[in-house]
């Protein structure tokens with residue numbers, strides 16, 4: 001950033017001196033595009049037709065004023081303010097220059113070292129004869145200016161005596177070409193005749209679609225960008241390296257609305273001669289987001305994948321895997337299919353319609369654990385149930401695994417104690433689901449690692465607390481196409497609290513200090529679809545300073561009680577034999593224990609087959625027993641006793657099959 005600031009200062013000084021010396025020649029400009037003078041080994045290119053207007057729009061926007069207060073951006077903002085101060089002092093020059101295009105590109109000049117090339121469209125001023133005389137006389141002793149010939153062009157070398165740095169520049173085709181590396185300037189001058197990017201049809205195909213849009217444009221060459229990313233991250237990633245073969249160029253345009261909506265739209269070329277994830281997405285088809293009907297409004301993030309045909313999409317994903325991963329996955333899949341006598345295609349893919357949704361919600365009744373679920377959209381309401389019932393029977397018939405079910409209202413939560421089953425059937429897409437619980441809501445099959453997550457989704461669906469009824473989401477969703485190949489959504493205030501378990505304590509404290517600023521961008525959406533033979537990407541980031549902070553919902557005791565007892569007690573009265581709220585995290589567990597915030601045991605209960613069966617003990621904060629009794633098949637059974645804090649018996653009551661035995 002400091003080097004960029006210095007180069008920007010030098011560029012302004014050079015133009016300023018030439019402008020006041022030959023004001024007449026400033027008007028007019030060449031029709032030759034600056035970007036075609038960029039050497040083809042650029043990792044990325046940034047282009048703006050009116051850079052100073054774009055700069056002012058960004059740094060004066062409410063969104064940037066808020067974001068710039070984030071602690072992590074403090075240093076960057078300080079440097080940006082330095083540039084803005086420099087530009088502010090030269091407003092009169094910027095107005096005189098008008099809308100002058102500037103292009104900046106990044107190139108690897110030595111292994112692991114990158115430098116920048118600047119091309120500024122400054123018009124007929126470049127036609128001044130012997131500009132070095134003017135510049136030498138006006139720059140004085142602070143700089144030493146020399147020149148040399150390079151073909152038909154003249155290259156000037158400006159030596160800053162104080163810092164010892166050299167700034168290399170030349171004038172050609174009404175452009176000023178500048179860098180701190182002479183090889184970049186020379187390569188740019190050569191491109192006038194070669195015009196590599198200007199003749200590359202793959203580059204032209206993406207660049208023409210964003211021409212004249214937004215505040216500035218960004219271009220990426222995937223032949224060189226992976227090396228740049230690896231250098232930036234400080235380590236090599238095989239996933240990043242694959243971009244070299246799978247993608248060609250990307251072109252993005254950036255804009256910001258007066259309301260603060262940040263917008264990024266772009267196109268990416270895909271190497272269709274190779275089977276990859278990108279070709280799979282490109283050829284998958286598109287669809288809507290029918291899952292809005294059951295996705296909780298408290299969702300932290302969601303990823304929707306659309307396709308025309310589930311079986312066809314599955315085959316495309318398979319073809320995108322490398323041979324080792326593909327063979328390993330298929331071998332595992334065939335073992336499961338043979339052992340259980342089921343078919344992935346017939347018993348799963350046949351009833352899936354055109355949509356899979358992965359979602360993560362705010363923890364509600366699971367402490368700090370994030371809730372993850374996968375939603376498979378069925379073609380109708382009967383085929384999913386029929387096929388899943390068949391799979392359940394086959395598992396019980398051909399393995400020692402037993403299927404466990406719990407009724408919750410009008411729905412059934414089913415547990416398959418079969419680790420690795422979902423991953424074996426669906427691969428990495430659903431690898432987060434190890435031992436699956438699932439329920440069926442209309443035509444939607446919802447899988448999760450935790451029954452409480454399914455219970456919460458059912459509750460939100462029944463109470464209408466879904467994205468379909470969220471005014472904020474519906475308004476934001478209008479920024480995107482109704483049908484697309486892929487869509488990701490992030491509710492930042494909700495997502496913020498989910499980060500806690502994934503970062504260090506120090507990082508979390510830093511995030512908390514910046515929470516007000518981070519959550520001022522409450523909604524982020526990313527759309528992916530196909531436009532002709534290109535991937536089309538659309539990103540929207542909403543700015544809203546007056547957001548409503550997310551609050552964890554209160555625990556719905558009554559509805560949860562119906563899951564295990566079919567009756568609800570008033571929690572406030574705390575009668576002697578009230579039914580405790582017990583969340584069973586694993587239907588394979590033999591007991592459940594709950595602790596308070598200070599680590600003291602609150603209660604413990606024995607389980608069998610996922611229900612309460614055995615001794616129950618509840619404790620006071622001092623560790624003394626408060627309630628003691630037994631469950632039998634989820635019902636209170638035998639004598640239950642209530643004690644005071646000194647373990648003196650207060651009351652006892654006898655139960656049989658959950659009912660009080662009258663004396």
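Read-outs throughout are calculated quantities, based only on the coordinates presented, and are distinct from any laboratory measurement. What you see is a predicted model; the values in this text were computed from it and never measured. FYI the Cβ positions are ideal-geometry reconstructions off the backbone, even for glycines, and counts take in every protein chain you see.
Numbers for the structure displayed
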{"read-out": "For the range 158-233, alpha-carbon Rg over 2.2 N^0.38 Å", "value": "1.40"}
{"read-out": "Stokes-Einstein diffusion coefficient of the range 281-351, Kirkwood radius over Cα pairs, 10 °C, 1.306 mPa s, in µm²/s", "value": "109 µm²/s"}
{"read-out": "Least to most buried among 159, 613 (fewest other Cβ within 10 Å first)", "value": "159, 613"}
{"read-out": "Highest-first arrangement of 405-417, 245-257, where packing means the average Cβ count within 10 Å", "value": "245-257, 405-417"}
{"read-out": "Cα-based Rg of the range 221-291 normalised by 2.2 N^0.38 Å, two decimals", "value": "1.40"}
{"read-out": "Cα-derived Rg over Rh, computed across the range 178-314 with Rh taken as Kirkwood radius", "value": "1.04"}
{"read-out": "Hydrodynamic radius of the range 272-541 per Kirkwood, over alpha carbon pairs, in Å", "value": "19.8 Å"}
